């Protein structure tokens, strides 16, 4: 027979009394309290205030009426304010708080706390509408998906009004999505954000359009930020100055605690091209932006550099050299030679991977000697010396990247890139950019043999309209560590709309910037790439602007630096 309810209550009281019977038993000195995060940039977060008579770990059992989970905080000060995150907006949550001493003694707070995070913003211009087409949590990599969301006024960048420009660069979100694709955390930025990652200390790290990488904690509090001291505009307040003209795209923390970053630098070159379509067009003196890779310390000191002007030929150009990318970022009239858009440290052999979008090339560099180890690119236009560095394609399904983005080393030691797959052509060869109907983007995983100098495609997401799109720029791909699933951000998608040209300067035809976009995040299993296990669409209000998902990052928890298993 079961124990009567009165008996169970007596046993519970006896157990609690026994926990506190010792003179040295752990106890709460004040009742825990939960309150709204005072930082409005992360409004779904809350703060739990606890006080015990000695240092203790804190366990918080969470219950939202549908899901139950436990947050476990590392032992710390007897009096602490702890971040509570991962809650669904507008839903009441019950929090049961337990203190655990270093000797294993446990103290249960007497009252179950109740907290309801605010609902998501109702203004569709300030917060995107998400449609979850598919979410299969049992087939997905566990954790939270961080996604950087941006908006953009329609039209060519150089033609925007001041108000349209502010609408574009003065807003961004980092969303935290659970395995069902629901928003359980977000951060509101007043500057356009590029990629997102987490640092070794668990904090969130991202890059803004102000040439400024930023570190925040999970409550949205700014911990550190850096700025380009030589940039065309003043650095944001409280920036740590870095001796750089620009800091752009997505810097990365290295194992030694320093940061790798791309720095585009201008160089005046005489007799330079004025067209990417006609090599015989009149030449002119041009300001050419080329990329320098830099390593800088947390204090902002540059300790290592690699300059593309020193190793590559600036007269080998690709399509999009003459778009307005750098003109609208403070360098009027400058042309975009390399367009570096991803840099990554390979700890296996102390080397650096870099993607040059406009050269259709991923390059591996020896960090010690600065020599180029290999180049993943088509054998077109490279000098005789650099042709010796080109990887040889192996396999029938081989695909070269075209205007690719953000290379990374996978958990298996391969290289994954997001392949935008636009143009698929090289200037002055007679090749013509392929139309949008043949330009579906995908994630590519390469197995590269550094000794044999070969590259083999081991996995590629399908280039079909139902599981891909024409992601003209940006984009992100990760091979996830536990499942080896491939998480992909298709940063720009134009469902049912027709892109007529990839040439920004051709105003007689519809260009990608002219159309509203509904980006997608998808997660693919390698065993069944035709059916994503996660598929989320970001929808712009009334299709009157573009939404972009620049990058994604899967984390096991939002509290990497605060909790223990």
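Residue 34 meets all of the listed conditions (1) under 20 Å from residue 204 (Cβ atoms); (2) at pLDDT 95 or above but one, namely (1).
Checked against the criterion of being buried (at least 17 other Cβ atoms within 10 Å of the Cβ) and either assigned by TED's automatic domain parsing to the domain that holds residue 183 or closer than 25 Å to residue 39 by Cα (or both), the candidates 112, 97 yield just one match: 97.
Table: residues versus (1) surrounded by fewer than 18 Cβ atoms within 10 Å (Cβ to Cβ); (2) part of a strand (DSSP E or B).
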site: 118; (1), (2): yes, no
site: 130; (1), (2): no, yes
site: 133; (1), (2): yes, yes
site: 145; (1), (2): no, yes
site: 150; (1), (2): no, yes
site: 165; (1), (2): yes, no
site: 174; (1), (2): no, yes
site: 188; (1), (2): yes, yes
site: 202; (1), (2): yes, no
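Annotation: of all residues in region 469-481 being more than 22 Å from residue 363 (Cα to Cα) and modelled with pLDDT of 95 or more, the one that is farthest from the chain's Cα centre (by Cα) is 481. Residues that are in contact (Cβ under 8 Å) with a residue 60 or more places away in the chain, in contact with a helix residue (DSSP H, G or I) (Cβ under 9 Å, 6 or more places away or on another chain) and over 29 Å from residue 68 (Cβ atoms) within region 155-208 comprise 155, 156, 157, 158, 160, 165, listed in sequence order.
On the basis of being modelled with pLDDT of 95 or more, surrounded by 13 or more Cβ atoms within 10 Å (Cβ to Cβ) and closer than 16 Å to residue 42 by Cβ, does residue 84 make the cut? Yes; evaluated as a whole, the condition is true for this residue. The criterion of at least 2 residues that are within 19 Å of residue 560 (Cα to Cα) is met, among strands (runs of 3 or more DSSP E) falling completely within region 63-109, by 68-73, 79-84. Applying the set (1) surrounded by 24 or more Cβ atoms within 10 Å (Cβ to Cβ); (2) at pLDDT below 95; (3) outside any loop (DSSP other than H, G, I, E, B) to residue 444 leaves exactly one unmet item: (2).
Listed by position, the strands (runs of 3 or more DSSP E) contained in region 212-324 that have at least 3 residues being outside the structural domain of residue 39 (by TED's automatic domain parsing) and surrounded by 17 or more Cβ atoms within 10 Å (Cβ to Cβ) are 212-216, 222-228, 248-253, 259-272, 284-296. Return yes or no: is residue 486 over 30 Å from residue 415 (Cβ atoms) and either in contact with a helix residue (DSSP H, G or I) (Cβ under 7 Å, 6 or more places away or on another chain) or in the same structural domain as residue 425 (by TED's automatic domain parsing) (or both)? Against the criterion (over 30 Å from residue 415 (Cβ atoms) and either in contact with a helix residue (DSSP H, G or I) (Cβ under 7 Å, 6 or more places away or on another chain) or in the same structural domain as residue 425 (by TED's automatic domain parsing) (or both)), residue 486 does not qualify. Being within 20 Å of the chain's Cα centre (by Cα), buried (at least 20 other Cβ atoms within 10 Å of the Cβ) and in the same structural domain as residue 512 (by TED's automatic domain parsing) is a property that residue 407 has. Taken residue by residue, region 549-557 has no member that is over 30 Å from residue 87 (Cβ atoms), assigned by TED's automatic domain parsing to the domain that holds residue 176 and touching a strand residue (DSSP E or B) at 6+ places or on another chain (Cβ under 8 Å).
The values are calculated or read from the model by the stated rules, or taken from the named source; none is laboratory data. None of the values given here were measured: they were computed from a predicted structure. Neighbour counts are summed over all protein chains in view; Cβ atoms, including those assigned to glycine, are modelled from backbone coordinates with ideal geometry.
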